[in-house]
Amino acid sequence: MGAFCSSPERIHRVYTELEGVQVAVSDIRLYTDFELQKMFEELPEFRKVKAGRYKYTKDRDLKTLAFHMLCQLLNTTPLSFKVNQHGKPSLVEEDLAHSSFTHFSLSTSGTKAMVAVSHTAPVGADIEQVRAVEDGVIECACSDQEMDALAAVEDSVQRRRAFFELWTSKEAYSKALGTGLSPDIRGIPSDRALTLLEDGYCLAVAVAG
């Protein structure tokens, strides 16, 4: 579906071909422990409780940073989320009145957080650190056609990147639909999202429809 590129800022905007969609990416390594702790302390209570449940500080910091980025894009601080039957969060009516964006999606991996917002259609975002995965995971996630395409990539590093392009595309699109990854992950189309390989990560963003 095309590509998109990013600009080099601490919270940098990622420019896409999708109308009405804005995307931002950041890295917890760009922030001091003091800054991350301050962000956590300033979270609204419902997010502080959720972030505080994580066992590892890095995971808490990532979720905290993602919410901080969301507030930056929305230009408001949501006081609560409503969640559909599949767990997709959305803004409540009171917060919709203070932002020009009506849809959002959050994702974290490694040391990076990604946020997408949209005022035109439900949006899904996914970021994954490119890494080695077991063959069984690939077989469970990819259709026969996708497996054949991966097998045709001779270089193992390029094959790994190609797999994560497929995976993030599937997850971003399913998040846009609000369904989450279904048991039949193989059947989720992998051509409905824009993807970007950057700094050892794969990013994908998609809209419903």
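Figures for the structure shown
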quantity: Boolean, L30 is of a type in the set (A, V, I, L, M), more than 17 Å from the chain's Cα centre (by Cα) and surrounded by fewer than 19 Cβ atoms within 10 Å (Cβ to Cβ); calculated: yes
quantity: Residue, modelled with the lowest pLDDT, within the stretch 32-84, restricted to residues that are closer than 17 Å to R13 by Cα and touching a helix residue (DSSP H, G or I) at 6+ places or on another chain (Cβ under 8 Å); calculated: L74
quantity: Answer from K112, K38, K88, K48 - the residue that is more than 14 Å from L203 (Cβ to Cβ) and under 15 Å from the mean Cα position of the chain (by Cα); calculated: K88
quantity: When residues of the stretch 170-208 are limited to those that are at pLDDT 90 or above and among the β-branched types (V, I, T), the one surrounded by the fewest Cβ atoms within 10 Å (Cβ to Cβ); calculated: I188
quantity: Selection from the stretch 104-143 of residues that are surrounded by fewer than 21 Cβ atoms within 10 Å (Cβ to Cβ) and either of a type in the set (K, R) or free of Cβ contacts under 8 Å to residues at least 40 places away in the same chain (or both); calculated: R131, A132, V133, E134, D135, G136, V137, I138, E139
quantity: Test: T77 is in a helix (DSSP H, G or I), on the phi < 0 side of the Ramachandran plot and surrounded by 13 or more Cβ atoms within 10 Å (Cβ to Cβ); calculated: no
quantity: Output for the stretch 37-74, where each listed residue is surrounded by fewer than 20 Cβ atoms within 10 Å (Cβ to Cβ), in a helix (DSSP H, G or I) and touching a His at 6+ places or on another chain (Cβ under 9 Å); calculated: M39
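The values are calculated or read from the model by the stated rules, or taken from the named source; none is laboratory data. As the structure is a computational prediction, the values presented were derived from the model and not from experiment. Here the Cβ is made from the backbone with ideal geometry for all residues, glycine too, and neighbour counts use every protein chain on show.
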